[in-house]
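Written below as structure tokens is the structure these notes are about.
The values are calculated or read from the model by the stated rules, or taken from the named source; none is laboratory data. Because the structure is predicted, anything quoted here is derived from the model rather than measured. Reconstructed Cβ throughout: ideal geometry from the backbone, glycine too, with neighbour counts over all protein chains shown. Note: areas computed on protein heavy atoms with side chains; ligands, DNA, RNA excluded. Shrake-Rupley method; radii C 1.70, N 1.55, O 1.52, S 1.80 Å.
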Amino acid sequence: MPLLWAIRDVIGLTGTKYGCGVAQCGACVVHLNGEAVRSCVTKVSRAEGQKVVTIEGLSGNNDHPVQTAWQEIDVPQCGYCHSGQIMSAAVLLRENPNPSDEDIDAAMSGNICRCGTYLRIRKAIHLAAELQQKGKG
Amino acid sequence: MTEHSGNKTRYALPVSMVAVLGLMVSILTGMGSAPMDLRDATDSEARSESYKKDSIQSVKAFLEVYKVLMSPRCMNCHPAGDVPLQGEDSHLHAMSPQRGKDGKGVFAMKCSNCHQASNTPGLHTPPGHPDWHLPPADMKMVFEGRTPHQLAKQLMDPNQNGRKTKEQLLAHANDGLVLAAWNPGEGRSTPPMSHEAFSKAWNTWIKKGGFAPPAQ
Amino acid sequence: MRRISRRSFIKNTGGASLALWLGISTKGFASQTSLPTEGKRFTPYILVESNGNISIFNTKPEMGQGTFQSIPALIAEEFEVSLEQITILLTNGEKELGNGQRAGGSASIRNNYTELRKVGASAKEVFITAASAKWAVDAGTCYAEYGKVIHQPTNRSFTYGELVEEASKLELPKEPKLKDPKDFKILGKPGKRPDVPLKTSGKAVFGIDVQVPDMLYASVERCPVIGGTLKNFDAQEALKMPGVEKVVAVERLMGVYRTVGVAVVANTYWTALQARKRLKIEWDTHGFETFNSTEYETQLRGLANEEGLPDNTLGSVENLNLLPQNTLEALYETPMVAHHPLEPMNCVAQVQGEKVEIWTSTQVPSTITGSGANDLHKHIGFAPDNIKLHATFIGGGFGRRLNIDYIIEAVNVAKQVEKPVKVIWTREDTTEQGPFRPMTFSQLKGGFSEDGKLIAFQHKVIAPSYLEAVRADFDKTKVDNIMVEGIGEQAYEIPNLKTSFVRADYHVPLGAWRSVTSSTVAFAHECFIDELAYLAKKDPMDFRLELLSKPSDTKRVLEKLRVFSRWDTPLGPGKGRGVAQWEFFAGLCAQVVEVSFRPDKSVVVDKVFVVIDLGEVVNPDNVKNQIEGSIVMALGAAVKPGITLGNGRVMQHNFYDNPLVRINEVPEVEVHILADGGKVKGVGEPGLPPFAPALANAIFAATGKRIRRMPFDLDQL
């Protein structure tokens, strides 16, 4: 069973979404040992004994710099893809505290937003970088 | 050269190329640290068999090797740019994943985020291998767009082949990721010959001198 | 964290009640809390409890368009409460809340702007009246603010909660006094959307997230050939899989099309998916298995010669004796496209005797619980009163969730299973089964008088009929006014106009796709206007404005856009800009697109300038978000492969062959909102139609290449 369905249907955490099932859309991104894996194609066995963080566990109070920036800029529309977007952006900011627009493209082109909130995602990632540098979030 | 001439139709080498080939051979053998010097070989096969440098046989073998290297299964991960290719038509990989310094992708778009240790079942799902990656940024080992001549030279040049010694190069035919080309996942073609045939051609090419076909 | 059971409030009985997990609060989310409460409904939309809690019911499903903020904002503004102090509740098609519980047509604000303000204003008035009576003072000396009534001279105050008892005895005034817009605290100001924190924490519940105790999961195999029917199936191998509970035939009704699929019901969704692959099904595809889009397109081109059904006629386009060099004719072609909300279709249904309970993401709660002729009850055989809906946040609608096919299907599975069952479509199901935006072909003709005036214009739409596909009782001899949307109503002053529709037979389910037919016919119409401008050797903006001599919204919008986009400032070499506008049922928007033409013959979309005319604006920041998104969606429809059929099957399956726009492809967008008190217009859809023609016109300006068919490939021009 893919990690996605184990997280959603067995564990019951539904913040991680199903969008395509073939690693195309990124709605199912979770952190596996810190990496933004696509849980729809990741077997549960790969995660056995490893650290998995879903959107529900990204921060204590919905206040990871990425989440704060997303709220500040009112990024989401329908919101369905944004668990995945946020999980991807969090990895970007950990590895690159001051990403350029090109870095954002490189990190985020795997996450589809059908509502088309991409301009705001870009803006929010820049803001999250600032918040992170100021130690806020 | 008679033997070569005898095979020229097969390789579609114009006669005028023969002279070029001769010139090229001399350049190659004059390269000093020649990676094709068989005296360095530790490969047991190389030791047990008596290989002689043979530009004709070597080139003939390479042209077989080339067909494999240019198949989508090999070329797609040896792109000219920094985005891998995808599919039988070797189009740019959807969602533009970037090579990254180590060839393993960047940030939230690392190869292994989608490409698992083994193929994901189903059509159009990510093929897998534990070590899925592109060549690193400091040595891109581009296959896409390379002529046989260019590619053979590149492969034999440690400064362009991932700093592989000849024995490492020989061993590379059986590298896990290379083998993955023959286990490509549902719906994907395999290279145009068996791995065994490829491996044989690869060995012949290198052991007979690692010669490059003439530039065209 | 308080939670409310709507049922208890609707009955207004008070007392302890168990919270519904669907309850949504501006303050966060929690599951299964119980609370004792006593509340009064002051209109169907407002609930005030004696403990001071205030709830506003949002009757317009939230699918990303922002109604979770904008609808309560209209009420809260006049009721004098802040959105932070209230609880916002999604509604479930309750009768008390009327049959307008529906999100579509960009109508939520434009049809309710004043009415919902009146709701808030009249509720405020009864609280002021109640307070002034308690104090025995003149109501005119009292005012309301932040959920309190204040007696100005003495600064005494009562909270609304403290006034519940008295206020509930008063009648709501029918024509309350509305606020002067200059006093607005919420409306017209950029406002935070209260659903956003739920969407950054993973706590927002979408239909697919619903969990009901003892729930089973189902996946349905449907005939891959559109139009095919089920002959028989062998479920033996599927049933052998541990966890598989049942395999049943299941009917789906999509508009006028009835299909039967095979549902695998199992203890996990993954098991259902795996077992589905083991089904052996025989379909009857006779008559449908050779259908392909290419031949159908040829057929549409052939139909361009037919007269068709008249739409709008002004003057007469006949016998004008135009010189051949003064006339132009062109055929424009657009493909089918899929909606692709990122949340795939899904629905949980539980049948218990005469009753059915439904949990789902839907744009049309009123259709699900309603008693109308086209409402759900007609299709599933339950009395409307026995249908209970739990609506959730919607992971994208775009028109797809105006249809109830996936709900009918889920209920039909649930009828055959003892437990609640969640049916989830795969992305492939969603891509392959429709409904789709119909393809439309447009034949256009235009002609100038000898003194250079555009005096004749014809737009003939050749397409399958949307209304025919969704309504069994539609009269095919009448023009389908959805298919000629907007083409006879543009503000351009052309003395002789003829618009018409030629219908083509079809058998593929069709649906309204965000901005409906305007996303296709505007492309043809506004590109052709550009062609005419070119023939007249005029600047495309000048040409349009010359056709707009009288005052009109379109004229205002284009004049503003000309300045806003710096239209008259030359662009550098290799660049081009194009303009288009479109007015239709949803509203009015005009755009200028700037492109660069690269040496490798590819085109890059650099920037889009947008002017949208709204009359009144509720949340300008949300309007901008909607426009930015509309452009991304319109870009995808213009340049990405559409939906095609071959051997009767949809040739696309998932995002790898039916790709959507990604972050690395998005142009800059600048939006100007016109909100100067005119007719209130919509937000959700008007951003789409002008984009494709403005882009194609920009490409013509940059390259000299005229594009008359969507999709077009920006990498190969």
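Values as computed for the structure displayed
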{"read-out": "Relative contact order of segment B:71-144, pairs being alpha-carbon contacts under 8 Å that are 6 or more residues apart, as %", "value": "31 percent"}
{"read-out": "Whole-number percent relative contact order across chain C, with pairs defined as alpha carbons under 8 Å at least 6 apart", "value": "14 percent"}
{"read-out": "Relative contact order (%) - segment A:65-133, alpha-carbon pairs under 8 angstrom, separation at least six", "value": "53 percent"}
{"read-out": "Cα→Cβ-extended label distance, 7 Å offset, between C:Asp473 and C:Leu320, nm", "value": "4.0 nm"}
{"read-out": "Distant-in-sequence amide H partners of C:Met345 (H built 1.01 Å from N, under 5 Å)", "value": "C:Trp425"}
{"read-out": "Paramagnetic reach from B:Glu186 in segment B:86-127 [backbone N under 19 Å; point 7 Å along Cα→Cβ]", "value": "B:87-88, B:114-127"}
{"read-out": "Rg/Rh ratio calculated on Cα atoms of chain A (Kirkwood radius)", "value": "0.95"}
{"read-out": "Solvent-accessible area, 1.4 Å probe, carbon plus sulfur percent, for segment C:227-306", "value": "49 percent"}
{"read-out": "Vicinal HN-Hα couplings computed from phi for segment C:691-706 (Karplus, 6.51 cos²θ - 1.76 cosθ + 1.60; Hz; Gly/Pro x)", "value": "5, 4, x, 5, 5, 5, 5, 5, 5, 4, 4, 7, 10, x, 9, 8"}
{"read-out": "Cβ-based net charge around C:Thr360, under 10 Å, with every Lys or Arg adding one and every Asp or Glu removing one", "value": "+2"}
{"read-out": "Using a Förster distance of 30 Å, the FRET efficiency for A:Ser45-C:Glu289 (Cβ separation, nearest 0.05)", "value": "0.15"}
{"read-out": "Rg to Rh, two decimals, where chain C supplies the alpha carbon set and Rh follows Kirkwood", "value": "1.00"}
{"read-out": "Sum of side-chain charges, C:Ala637 neighbourhood, beta-carbon under 11 Å (Lys, Arg +1; Asp, Glu -1)", "value": "+3"}
{"read-out": "Using θ = phi - 60° and Karplus 6.51 cos²θ - 1.76 cosθ + 1.60, couplings along segment C:651-667 (whole Hz; Gly, Pro as x)", "value": "7, 9, 10, 7, 5, 6, 10, 9, x, 10, 5, 10, 4, 7, 10, 8, x"}
{"read-out": "5 angstrom amide H check on C:Leu216, placed H, neighbours 5+ away", "value": "C:Val421, C:Lys422"}
{"read-out": "Alpha carbon centroid spacing (whole Å) that separates segment C:383-415 from segment A:13-64", "value": "28 Å"}
{"read-out": "Beta bridges by DSSP in the protein assembly as shown, antiparallel share as percent, to the nearest 5", "value": "75 percent"}
{"read-out": "Where chain A is the region considered: accessible area per residue in Å², 1.4 Å probe", "value": "31 Å²"}
{"read-out": "Length gained when the stretch C:Arg258-C:Lys231 is fully extended (0.36 nm per residue, less Cα-Cα span)", "value": "8.3 nm"}
{"read-out": "Net charge of neighbours whose Cβ lies under 12 Å from the Cβ of C:His459, counting Lys and Arg as +1 and Asp and Glu as -1", "value": "-2"}
{"read-out": "Accessible surface of chain A, 1.4 Å probe, proportion on carbon and sulfur as whole %", "value": "47 percent"}
{"read-out": "Accessible area that becomes buried as A packs against C, both chains, 1.4 Å probe, Å², nearest 100", "value": "4500 Å²"}
{"read-out": "Gyration tensor verdict on segment A:3-57 (Cα atoms; rounded if a/c is under 1.5, prolate if a/b is larger than b/c, oblate otherwise)", "value": "rounded"}
{"read-out": "18 Å tail of the calculated P(r), segment C:342-497, as % of Cα pairs", "value": "68 percent"}
{"read-out": "Residue with peak Gaussian network fluctuation, chain A [Cα springs, cutoff 10 Å], from A:Val75, A:Val91, A:Val22", "value": "A:Val22"}
{"read-out": "Residues of type lysines that C:Lys388 reaches as a straight line, Cα spacing below 23 Å, ignoring anything fewer than 8 places off in the same chain", "value": "C:Lys11, C:Lys40, C:Lys60, C:Lys95, C:Lys355, C:Lys378, C:Lys415, C:Lys419, C:Lys422"}
{"read-out": "Area accessible to solvent at C:Glu306, 1.4 Å probe radius, in Å²", "value": "100 Å²"}
{"read-out": "Contact surface B-A: accessible area buried, both sides summed, square angstrom, 1.4 angstrom probe", "value": "1600 Å²"}
{"read-out": "HN-Hα J in Hz across segment A:39-46 - Karplus 6.51, -1.76, 1.60, θ = phi - 60°, x for Gly and Pro", "value": "5, 6, 10, 9, 5, 3, 4, 5"}
{"read-out": "Inter-site label distance for A:Glu102 and B:Ser118 at 7 Å from Cα along Cβ, in nm", "value": "4.0 nm"}
{"read-out": "Cα-based helix-to-principal-axis angle, A:118-133 vs chain A, degrees rounded to 10", "value": "80 degrees"}
{"read-out": "Principal axes of the protein assembly as shown: Cα extent on each, largest first, Å", "value": "117, 80, 65"}
{"read-out": "Cut-off under 5 Å, modelled amide H: who pairs with C:Val250 long-range", "value": "C:Gly261, C:Val262, C:Ala263"}
